[in-house]
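The values are calculated or read from the model by the stated rules, or taken from the named source; none is laboratory data. Since this is a predicted model, take the numbers as computed values, not measurements. Because the Cβ atoms are built from the backbone with ideal geometry, glycine has one as well, and the counts that use them run over all protein chains shown.
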Amino acid sequence: MKKASLYFLIPLLGLIVFGAAYWNFSSKYDQIEADRLALIQKARVAKVDEENKSRAKAVNDANLAGERKKIERAAKEAKDRHDREERDNAAQARNKALSESDKFKKQAERLTKEIAAAREEIAKIEDDKRRSIDEQAFLKDFVKKVESNAKSLTEVLERIAAADLAAEAAAKAAAAAVKK
């Protein structure tokens, strides 16, 4: 074989090998490309489905969280309302207790003053009673002394009267003796 034919044959053989490889590649390329595009499309669809599912789940979770927050907010408002009512009731009870305490303090002060006044009055009455008892004892002693004085004066008067009678009788007897 000649060198010139080699220049022609080698590229021709290369062209045939290339043509066979190209033919093989070209006939399967559309199928491979379609499979690849289908796989990419399938991956995209799967990704979109997964995103849609995660979005749906996120929306559902958000709705549940919103409902839960709404329920918690309603429960918190009810609790706050209940606490506020209890605070108001406690404040009213405290104010009522303070007013009753003030009322009882005033009443205790008034009663203390009345007790002090009653004690003073009792002390005055007892003092008057003691003075009356002392006066009564004094009067009993005085009456006894007066009665004894009256008795002794009566005796003295009786003696004076007896002495007067005796003096009169003596004067009569002296007068009768003088007349005789």
In this structure, is residue 133 over 54 Å from the mean Cα position of the chain (by Cα) and either surrounded by 10 or more Cβ atoms within 10 Å (Cβ to Cβ) or among the aliphatic types (A, V, I, L, M) (or both)?
yes
Looking at this structure, is residue 100 within 49 Å of the chain's Cα centre (by Cα), acidic (Asp, Glu) and at negative phi?
yes
For residue 45, which of the numbered conditions (1) hydrophobic (A, V, I, L, M, F, W, C); (2) at pLDDT 90 or above; (3) in contact with a Phe, Trp or Tyr (Cβ under 9 Å, 6 or more places away or on another chain) fails to hold?
(3)
Show the residue pairs meeting these rules: Cβ distance below 8 Å; 6+ apart or different chains; first residue within region 125-142 and modelled with pLDDT of 95 or more; second residue of a type in the set (Lys, Arg) and part of a helix (DSSP H, G or I).
none
